[in-house]
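J.: Structure in structure tokens, see below.
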Amino acid sequence: MIPLLFAGCGRRPRPVDDEIPGNRLLASELAASVDAGKVMYGHQDDLSYGHSWKVEDWKNDDLERSDIKDVSGKYPAVIGFDLGGIELGNKENLDGVPFDLIRKATLKHRERGGVVTFSWHLRNPLTGGDSWDISSDQVVASVLEGGEKYEEFVLWLDRLADFLNSLGGAPVIFRPWHENIGSWFWWGGKLCSPEQYKALFRLTYERMAEKKVKGLLWCYSPNGPLSAEDYMSRYPGDEIVDILGTDIYEYVGQDGLEAAGERYVSQVRQMLSTLEAISKERGKLMCLSETGLEGLVDPHWWTERLYPAIKGFPVAYVLTWRNAHDKPGHFYGPWKGFENEEDFKVFSEKNDIVLL
């Protein structure tokens, strides 16, 4: 039994609760991949729907369909799912994916040898709006102990814990309160103080522990690029965080596609360089937790943008966002029949990129 996280992986180890073997196992898998110079490729919602299809009957569906597999012949090594809506007791998440499907897909992907990561775009408990409702800067204050929404929010956390416990201890990455330096979510930089944000993260962590949730690796993932000082300004603590992540997308502005691509590569490499220094100092894994170019309008995005951006960095995984079945132009992964799918095939066959 390995008593320390990342033992033998060239990183300063962090003690891990011996009652939670799942997170040790998953951490070891990720660390071994990094030490081998590999990067796991991930795709959001991959088994639940794709560019022109979705699972209609999760009970009888074998969940073998995947846009990534349709193109490359392999499944993504990492699949992301979102738990927004679980806090309300809903049967489906904010994108209409049944939580029962998410559970089934999570266990199936783990059996396949893959990694699963959860984000959480939850509702705004103070206003009743969604995660993007930033009409009040008192939301985080309202859910902390002593706040008017504290008891309701603890119930939300308990519903989250119930779902995570239904996985039976299957190890997963949990990435709450993401993109927190920006101010487009109610927990963002201008919506709460650093101390309030840290308290929110800690409350979430401690409640999962109280509810005896097993197998979680916790990811902290601000939007980037950022300086090390800004990145760490709301860091909840080494005793909580296992993986240092960042979310960076490519956006095409008025200066055109070429400039956008060059800017993206520069920004990602800048941020990963910062993360590498922090991860070495603190003994943490690192990842590019969300990324992509909507519509993949650059025909060589995979080989000339994403790959050069991550090349040479000890990145455990990179996750591109979803292929929406109901929004034809909203996709971040290739799909069968997409005119530029060949570029992804070349990317997926590189020796240091891992698919299953």
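J.: If you check every pair at least six apart or on different chains, which have Cβ atoms under 9 Å apart with a residue in the stretch 276-289 that is under 14 Å from residue 235 (Cβ atoms) first and a residue that is at pLDDT 95 or above and of a type in the set (Lys, Arg) second?
T.: So the pair list comes out as 278/284.
J.: Taking the condition in a loop (DSSP other than H, G, I, E, B) and among the polar types (S, T, N, Q), does residue 23 pass?
T.: Taking the combined requirement at face value, the residue does not satisfy it.
J.: Determine which member of the set 205, 235, 251 is part of a loop (DSSP other than H, G, I, E, B), touching a strand residue (DSSP E or B) at 6+ places or on another chain (Cβ under 7 Å), of a type in the set (Ser, Thr, Tyr) and surrounded by fewer than 22 Cβ atoms within 10 Å (Cβ to Cβ).
T.: 235
J.: What single numbered condition from (1) closer than 25 Å to residue 321 by Cα; (2) touching a Gly at 6+ places or on another chain (Cβ under 9 Å) fails to hold for residue 110?
T.: (2)
J.: Okay, next question. Suppose the filter is on the phi > 0 side of the Ramachandran plot, crowded, with 18+ Cβ neighbours inside 10 Å and at pLDDT 95 or above; does residue 120 pass it?
T.: no
J.: Specify the residue that is surrounded by the most Cβ atoms within 10 Å (Cβ to Cβ); the eligible residues are those in the stretch 255-303 that are part of a helix (DSSP H, G or I) and at positive phi.
T.: Filtering first and then ranking leaves 296.
J.: Determine which single condition residue 197 fails, assuming it passes every other condition in (1) farther than 19 Å from residue 88 by Cα; (2) within 16 Å of the chain's Cα centre (by Cα).
T.: Of everything listed in (1) farther than 19 Å from residue 88 by Cα; (2) within 16 Å of the chain's Cα centre (by Cα), residue 197 misses just condition (2).
J.: Just need a number here: residues in the stretch 323-356 that are surrounded by 18 or more Cβ atoms within 10 Å (Cβ to Cβ), over 18 Å from residue 297 (Cβ atoms) and of a type outside the set (A, V, I, L, M).
T.: 2
J.: Here's a follow-up. How do the pairs read when you match residues in the stretch 311-333 that are of a type in the set (Val, Ile, Thr) with residues anywhere that are assigned to a loop (DSSP other than H, G, I, E, B) and at pLDDT 95 or above, using Cβ under 6 Å and keeping only pairs 6 or more apart or on different chains?
T.: 320/332; 320/333
J.: Search the stretch 209-232 for residues being within 19 Å of the chain's Cα centre (by Cα) and not in a loop (DSSP other than H, G, I, E, B), and hand back the single one that is surrounded by the fewest Cβ atoms within 10 Å (Cβ to Cβ).
T.: 232
J.: Ok, one more. With 96, 129 as the choices, which residue is without any contact (Cβ under 8 Å) to a residue 60 or more places away in the chain, out of contact with any strand residue (DSSP E or B) (no Cβ under 7 Å at 6 or more places or on another chain), surrounded by fewer than 19 Cβ atoms within 10 Å (Cβ to Cβ) and within 30 Å of residue 339 (Cα to Cα)?
T.: 96
J.: Next question. Of the residues 202, 305, which is touching a Phe, Trp or Tyr at 6+ places or on another chain (Cβ under 7 Å) and either in contact (Cβ under 8 Å) with a residue 24 or more places away in the chain or farther than 24 Å from residue 347 by Cα (or both)?
T.: 305
J.: Would you check which residues across the stretch 304-333 are in contact with a Ser or Thr (Cβ under 8 Å, 6 or more places away or on another chain), in a loop (DSSP other than H, G, I, E, B) and under 21 Å from residue 38 (Cα atoms) and list them?
T.: Scanning the stretch 304-333 gives 313, 314, 316, 321, 333.
J.: Restricting the first residue to the stretch 64-77 and requiring it to be closer than 14 Å to residue 112 by Cα, which pairs with a second residue that is of a type in the set (Gly, Ala, Ser) and at pLDDT 95 or above meet a Cβ separation below 6 Å and a spacing of at least six or different chains?
T.: Cβ pairs passing all conditions: 75/66; 76/42; 77/114.
J.: Something else now. Could you look through the stretch 58-84, keep only residues that are closer than 30 Å to residue 155 by Cβ and within 17 Å of the chain's Cα centre (by Cα), and pick out the one that is surrounded by the fewest Cβ atoms within 10 Å (Cβ to Cβ)?
T.: 84
J.: So, one more: If I go through the stretch 334-356 residue by residue, how many of them are in a helix (DSSP H, G or I) and either at pLDDT below 95 or within 24 Å of residue 271 (Cα to Cα) (or both)?
T.: The qualifying residues number 3.
J.: Which ones in the stretch 183-208 are among the basic types (Lys, Arg) and touching an Asp or Glu at 6+ places or on another chain (Cβ under 8 Å)?
T.: If the condition is that a residue be among the basic types (Lys, Arg) and touching an Asp or Glu at 6+ places or on another chain (Cβ under 8 Å), then 190, 207 are the ones that fit.
J.: Restricting to the stretch 158-191, and then to whatever is among the hydrophobic types (A, V, I, L, M, F, W, C) and within 14 Å of residue 208 (Cα to Cα), can you tell me which residue is surrounded by the most Cβ atoms within 10 Å (Cβ to Cβ)?
T.: Among residues in the stretch 158-191 that are among the hydrophobic types (A, V, I, L, M, F, W, C) and within 14 Å of residue 208 (Cα to Cα), the one surrounded by the most Cβ atoms within 10 Å (Cβ to Cβ) is 173.
J.: Next question. Look through 147, 84 and report the one residue that is under 13 Å from residue 200 (Cβ atoms) and at pLDDT 95 or above.
T.: So the residue among 147, 84 that is under 13 Å from residue 200 (Cβ atoms) and at pLDDT 95 or above is 147.
The values are calculated or read from the model by the stated rules, or taken from the named source; none is laboratory data. The shown structure was predicted, so the numbers you read here are calculated from the model rather than taken from an experiment. Heads up, the Cβs are rebuilt from the backbone with ideal geometry, glycines too, and the neighbour counts pull from every protein chain shown.
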